[in-house]
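The values are calculated or read from the model by the stated rules, or taken from the named source; none is laboratory data. Please read all numbers here as calculations on a predicted model, not as lab measurements. Please note: Cβ atoms are built from the backbone with ideal geometry, for glycine as well, and neighbour counts cover all protein chains shown. Side chains are part of the model used for accessible areas, which takes the heavy atoms of the whole protein and leaves out ligands, DNA and RNA. Shrake-Rupley method; radii C 1.70, N 1.55, O 1.52, S 1.80 Å.
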Amino acid sequence: MSYDDVREVDPAVADALAGERERQNETLAMIASENHVSEAVLEAQGSELTNKYAEGYPGERYYGGCEYADDVESLAIERAKELFGADHVNVQPHSGSSANMGVYFSVLEPGDKILSLDLTHGGHLSHGHPANFAGQLYDVEQYEVDPETGRLDYESLREIAEAFEPDMIVSGFSAYPREVEWGEIQAAADAVDAYHMADIAHITGLVAAGEHPSPVGVADFVTGSTHKTIRAGRGGIIMCDEQYADDVDSAVFPGAQGGPLMHNIAGKAVGFEEALDPAFDQYAAQVVRNAEVLGETLQDHGFSLVSGGTDTHLVLVDLRDSHPDVSGGDAEEALEEVGIVLNANTVPDESRSAFDPPGFAPARPR
Ligand SMILES: *Cc1c(COP(=O)(O)O)cnc(C)c1O
């Protein structure tokens, strides 16, 4: 893709786009939530579908001229169903956060209770942080990882659930390097008659490839992003049982969103097709293996890892033991100078702010 047409109209943006392309080509992208899409996904995302309004769902749109939009969305849905074994799929959420909004709006009322993992322990803003709509609309209680092991403590989660009696337990995490036992969380939810939403935003690709156990068929709702480990372009996805299908669909549109980003949905369709290829399974296995070797190598060089290692694509370094005077932000800056791009990150039970945390999270999404 050349930026010739952009350059003719807008040299300043053309320069920035060319600069970003060069930056991506010349640096090592170690941000665990990022990935690089194929040329095929990029082309689909940059397609003429950006011009199309398609409010509604395939076969039931509020606009004419939707036959190709219908084809694309139906393909994305069918492929996601095959990939994840899901009963019902909604591919319209604009992002992972919007997918979570869609689920909350489908079965919760404002003021209802959500139990989720603390942000500094690996949770996500959209799980109920006070700065996010979820924290403002719902009554949120948080669980934490075990301070000794850095791992989820399912027994403590059950106890907190029994005391708080949430309407929904949220699982699935942003900065948690270990395998999640979805059944344990489902049992905690069942015990208090709460819904369970598993947000696999980070590990969508690992779940699709069978490199991480799947919550589909275990949790009531599964949400994900499509631009992280699954590299299908920017966006979100919701999966659920047929019994919640109508509630979820109407919560996404017209509840939370207007017209779907059909060009992004085309990217999802193409990315899911790529993920159905056995080569994707090999890729995902290699991602996990690479992260494991990276984690071991860092430990051999004296770094501490939160939870002592990784089962996923993500490695979280805790600098407090090895480099008490270096913050995650310092590490991020120093590494960027030599072409390695990653993100400073909070670690469990720290006292620094999220803008100057003591950890960093190098990982290798590709
Ligand atoms: C990345 C992430 C999201 C949301 O992603 P956006 O697409 O940036 O809105 C949601 N949940 C978790 C756990 C994530 O890691």
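With every protein chain in place, what's the accessible area of Met1 (1.4 Å probe, Å², nearest 10)?
Rounded to the nearest 10, the figure is 130 Å².
Give, rounded to the nearest 20 debye, the magnitude of the charge dipole that the chain has about its Cα centre when Lys and Arg contribute +1 at Cβ and Asp and Glu contribute -1 at Cβ. Please list the in-between numbers first.
Working: 20 positive and 67 negative charges, 128 e Å.
Value, rounded to 20: 620 debye.
Give me the accessible area of Lys228, 1.4 Å probe, in Å² rounded to the nearest 10.
30 Å²
Under the 0.36 nm per residue contour assumption, what length would be gained going from the current alpha-carbon distance of Met1 and Val293 to full extension? Don't jump to the answer; show the numbers that get you there.
Working: separation 292, 0.36 × 292 = 105.12 nm, distance 3.49 nm.
So the extension gain works out to 101.6 nm.
What's the FRET efficiency of Tyr62 with Glu179 using the Cβ-Cβ distance as r and R₀ = 56 Å, to the nearest 0.05?
Computed FRET efficiency for Tyr62 and Glu179: 0.85.
Calculate the tail of P(r) for the stretch 41-169: the fraction of all Cα-Cα distances greater than 21 Å, expressed in %.
Details: 4659 of 8256 pairs.
The answer is 56 percent, as a whole percent.
How much length would be gained if the chain were fully extended between Asp71 and Glu22, taking 0.36 nm per residue of separation minus their Cα-Cα distance, in nm to one decimal?
Working it through step by step, the gained length comes to 14.2 nm.
Rounded to the nearest 10 Å², what accessible area does Arg178 have for a 1.4 Å probe in the complete protein model?
Counting only protein heavy atoms, Arg178 exposes about 30 Å² to solvent.
Just by accessible area at a 1.4 angstrom probe, what is the order of Tyr195, Tyr68, Tyr154 from largest to smallest?
Tyr68, Tyr195, Tyr154
Between Tyr53 and Glu242, with labels modelled 7 Å along Cα→Cβ, what's the label distance in nm to one decimal, could you check?
3.4 nm
Pull up the cross-link candidates among the lysines for Lys268, meaning alpha carbon to alpha carbon under 19 Å and not fewer than 8 places away within one chain.
Lys52, Lys81, Lys228
Under a point spin-label approximation (7 Å from Cα along Cα-to-Cβ), what is the Val326-Ser156 distance to one decimal in nm?
The two pseudo-label positions are separated by 2.9 nm.
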